[in-house]
Structure formats: structure tokens, C-alpha cells
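One structure is given below, encoded as C-alpha cells.
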Amino acid sequence: MENLAWGFQMTVLGMGLVFALLGLLWALLTVVLILDKEPKAPVSEQETHAEAERIAAVADDAVGAQVPEPATVNGMQADLVAAILIATMKHKLTLRRQAAPIMRTYWPGSQLFASRWVAAGRTRQNYTWQPRGK
Amino acid sequence: MIDQETIGLLLKGVNNVTWQSLFMIGVSFVLMYLAIVKDYEPLLLLPIAAGCMLANLPLSPMIAEDGMLTVLYNMGITNEMFPLLIFVGIGALTDFGPLLENPRLVLLGAAGQFGIFLTLIFALLLGFTPPEAASIGIIGAIDGPTSIYVSGILAPHLLGPITVAAYSYMSLVPIILPPVVKLLTTKKERMIRMPYSSRKISRRTRILFPIVVTVLVGTLVPFATPLIGMLMLGNLMKESGAVERLTKASAAEIANTVTLFLGLAIGSTMVGKEFLKPDTLFILILGLAAFAVDGAAGVLFAKLLNWISGGKVNPIIGAAGISAFPMAARVVQRIAQEDDFENFLLMHAMGANAAGQVASVVAGGVLLALMGAGG
């Protein structure tokens, strides 16, 4: 019980001292910044975010700051690879859609007529290089 | 013919295998797994695991009187040199700009130290002596070198479990913090956007900062002088730009070498007979509690600031007021973006995080001062 009372005393004193010291530091820093008279300028959130990322990237090298590495695929971050894959698939679909009116008379899957591609393939299959009758 | 004595000598190693040493070798394998496969603090956990394995091999000459691990322990842990040298490297890699842009965030760093003292009370309730309880509480600084420094002075026999807890949980910050933050905040609060008004921080201010902090903290809490002095020395070298070679060496070669030595020396303290006690389990549980309490205290204090400022402070940045720099800030940014993808809090969180870095050192010094130790 005596120890516990000592613990509470330590908590009150300790936190009080930490707050007092850091409060003093806040005041001192404010004075330094006022004396420094550097202008304030509004900046966009994205700019500040990019700057913060740069600072964090440098500190990442410190011992005790290692974050578990995200999953990678051939050295690239897995979520980046997934994003590239989706973008490529989307791009391919868009190209196909754009090219459809030129390349085909009918949409893929139509049972009415064979596409030019299929027709050409069938023609090639039917053609034989063997001379007739031999 | 080989006589009985020769056979006895040949089998001396096998005869001295104990269940404790086998268990600890198993623990070292778990630490190796975490470091190599899971990538949890590999720079420190792998050398700790190696030190633990080498120390627990039967009749290990490495922990004998003149063994390499004993020499490393005496060289840098007994006299606290290794954690201090690591601090120089951390200072050289830390940019306190986000804190200087918004100095009031320093208060969030203070709030983030509450876990130290609450854990101290929990440890006392579990029957630890005051110096042991203070050493366990310092896990709540979430700062490896500070934990090693303080516990090395107050309770060197607990150094192994305290260091393992401090560094293992530090890599679990992305897992520990989010549930605490979400439990204590509403979605509306998490979506608060904080405006930026970038104050250009001059080189003069950046150079003055480490000097002012060292003189202030060193004068008021002399016990914190070694910690804050080395941290700020690294930062002064970085910001001055005058000693680039020293800055690079401190952040890379020196930090890497010392980390290897520190890890091996800490691992060598994890000898089965001393490590396998209920106390170790309590320390691991208390360490986890300390991390959670720190995050919670930070968030609650930020909620208070939010109320005082009329809704201008997003309470979740309080969770970054701990020392795990910049991991805690990144976690806070991720939590913010889960609710509002265009909410950019990283710079504010980095400010609180940098404050946590300074505050943890101050709290370590205050704890030593209150215990009447160190210096």
C-alpha cells in the first residue's frame, strides 16, 4: 500500500514535471520563432503531405523505426503492381472498345456472322498447300 | 582406449543441456522468425536472437568472464554508452521541422508519456520493487535507447525482457494504435481536417533548436543530459551542415555497428535460468499495456485541445505523441484516410511524433531524477 501511494505520487510529480518542462520548451520555441520573423504562407495539403513524407522517409533509416515491409512482387510493392494491372486491363478494354467498329462488323460473341478475323482464319484453315490430286 | 573421463569431457556439452536453455534457444528461433520472415525490427531483433542463442548454448564460453558477449555488455551496456551512441544516429536522422512549425504540439508529446507512470503503478501492484517498476514503466516511453538507458541504471537484471518488449512492441505500433484510436474517437472527430499554414523554418532556428533544448532540459533535469545531449548533438550536426561526414557516419556506420553490439549484448542477458520467470511474462504484458495507455492518453489530451480550440484539432494526432518516429505519424495518417481519403494529417502527426521523441527523453530523465539515480 505504501508502494502504491509512492506510485501515485510519482505519477503526479512525473507527469507534472514533464508537462511543465515541455510547456517551457513550447514558450521558448515560440519566442525563438517570433524573433526569427519568418513569414507564414498558406500551402496546399498535398504539398505539406509530400514534404512530411520526405521527412519520414529519411527517419525510416533509424534503428527502431523499421516498419514491416509491405508485400512485393519482383521488387515492386504489391498494391502498386495491382494498380498497374488494373490500369492495363482497363486500358486494353478501352482500346478494344474503340477499335471494335473498325475491326469487326459485329460485336464479339455474335452468332450471326463470323468476324473478319475468324473468317480469315477459316479461309486459311481450308486452304491447302498440297497440290490437288496428289 | 578412451577412458570414462575423456568420454565425460566429450559429452560435457550434451550433459549440461537444461530445459531452460532449450526453451530459450526456442525463443531465439521465434525472434529470428519475427526478424527475418515478419520483418519486425530486424536490425535489433536478429542480433538479440543471435545473442540469446549463443548465451544459452551449454557452457557457452561467450558469456564467461572474458567471453565476447560479456565484454560487449561491459563495454557498452554497463556504462550506458551503446544507447547513447544510437541516440546520436537518431538525432542525425530526425527532422524537427514539423514540431518547429507548430510548437504547441509539444504538449501532445507530454501527454503521450502517461503510459510510463500508469504502468509503474500496475507493476507496483504486481509486487515489483520501485526501481523495477520504474524500469518496466519506461517501456511506455516507446523508445528503445531510453528504455535500455533507464532500466540499465535502475534494474539491470530486467534489461533483457524490457528491451525485447520495447523493441517488439515498437514494431507492433501499427497494430496496437488503431483499435485504441477508434475506440476513443467518433468518425466525425476522425474526419476533422486541420489547416496548414506553413511557417518557413530558417536554418538559424533549426540550429538553435537542439542547443536550446539541450541547455533547457540539461539544466532543469540533469539526469536527462546524456540522453537529450546525444539526441540533440546528432540533430545539431545534421542541421548545421558543417560536418556532413560525421552526420552520415553517425546515422549509418556508427549506428549500425553499435546496433549489432547492443543487440548481441542484450541477447546475452536472456539466459534461461534468469529469464524464465513469471516476472518476464508480467513485463511483456505490462509493456503492451504501456503502449496502449500512451496512445489513449495522447488521444484524450488531443480531444481536450480540440474542445478548447473549438473543433480545430483532430484528436487522432494525439496518438502520434509517442516516440516511435515516424511510424506512429504514418499510422495516424492511415487511420485518418480510412474515413476521409483527402484528409492529410501527416505533417501535424509528425509534429506530435517529434514532440514525443523529445518528451520520452525528458520523461526518462524525470523518472531517473525522481528515483534519485543516474547522472
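The values are calculated or read from the model by the stated rules, or taken from the named source; none is laboratory data. The model shown is predicted, which means the values in this text are computed figures rather than measured ones. Cβ: placed from backbone, ideal geometry, glycine included. Neighbour counts: every protein chain shown.
Summary table
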quantity: Matching option when the condition is within 30 Å of residue B:212 (Cβ to Cβ), of a type in the set (A, V, I, L, M, F, W, C) and assigned to a helix (DSSP H, G or I), among B:87, B:23; calculated: B:87
quantity: Residue list for the stretch B:94-144, filter: without any contact (Cβ under 8 Å) to a residue 12 or more places away in the chain and touching a Pro at 6+ places or on another chain (Cβ under 9 Å); calculated: B:124
quantity: Any hit, the stretch B:335-346, residues being at pLDDT 90 or above, over 21 Å from residue B:169 (Cβ atoms) and outside any helix (DSSP H, G or I); calculated: no
quantity: Residues satisfying the stated conditions in the stretch B:179-235, i.e. in contact with a Leu (Cβ under 9 Å, 6 or more places away or on another chain), over 19 Å from residue A:37 (Cα atoms) and of a type in the set (D, E, K, R); calculated: B:193
quantity: Residues located in the stretch B:162-206, provided they are among the hydroxyl-bearing types (Ser, Thr, Tyr) and part of a helix (DSSP H, G or I); calculated: B:163, B:167, B:168, B:169, B:205
quantity: Within the stretch B:123-156, tally of residues that are under 23 Å from residue A:22 (Cβ atoms) and within 8 Å of chain A (Cβ to nearest Cβ); calculated: 4
quantity: Residues that are of a type in the set (A, V, I, L, M, F, W, C), at the interface with another protein chain (Cβ under 10 Å from one of its Cβ atoms) and either buried (at least 23 other Cβ atoms within 10 Å of the Cβ) or not in a helix (DSSP H, G or I) (or both), drawn from the stretch B:347-375; calculated: B:347, B:349, B:350, B:354, B:355, B:358, B:359, B:362, B:363, B:366, B:367
quantity: Residue count for the stretch B:230-247, restricted to those that are in contact (Cβ under 8 Å) with a residue 60 or more places away in the chain and surrounded by fewer than 21 Cβ atoms within 10 Å (Cβ to Cβ); calculated: 1
quantity: Residue among B:282, B:291, B:301 that is buried (at least 24 other Cβ atoms within 10 Å of the Cβ) and among the aromatic types (Phe, Trp, Tyr); calculated: B:291
quantity: Count of residues meeting criterion [facing another protein chain (nearest Cβ under 10 Å) and acidic (Asp, Glu)] in the stretch B:70-122; calculated: 2
quantity: Qualifying residue in the stretch B:46-67 (condition: within 14 Å of chain A (Cβ to nearest Cβ), part of a loop (DSSP other than H, G, I, E, B) and under 19 Å from residue B:256 (Cβ atoms)); calculated: no
quantity: Any hit, the stretch B:170-192, residues being of a type in the set (Lys, Arg), facing chain A (nearest Cβ under 10 Å), surrounded by fewer than 21 Cβ atoms within 10 Å (Cβ to Cβ) and more than 28 Å from residue A:16 (Cβ to Cβ); calculated: no
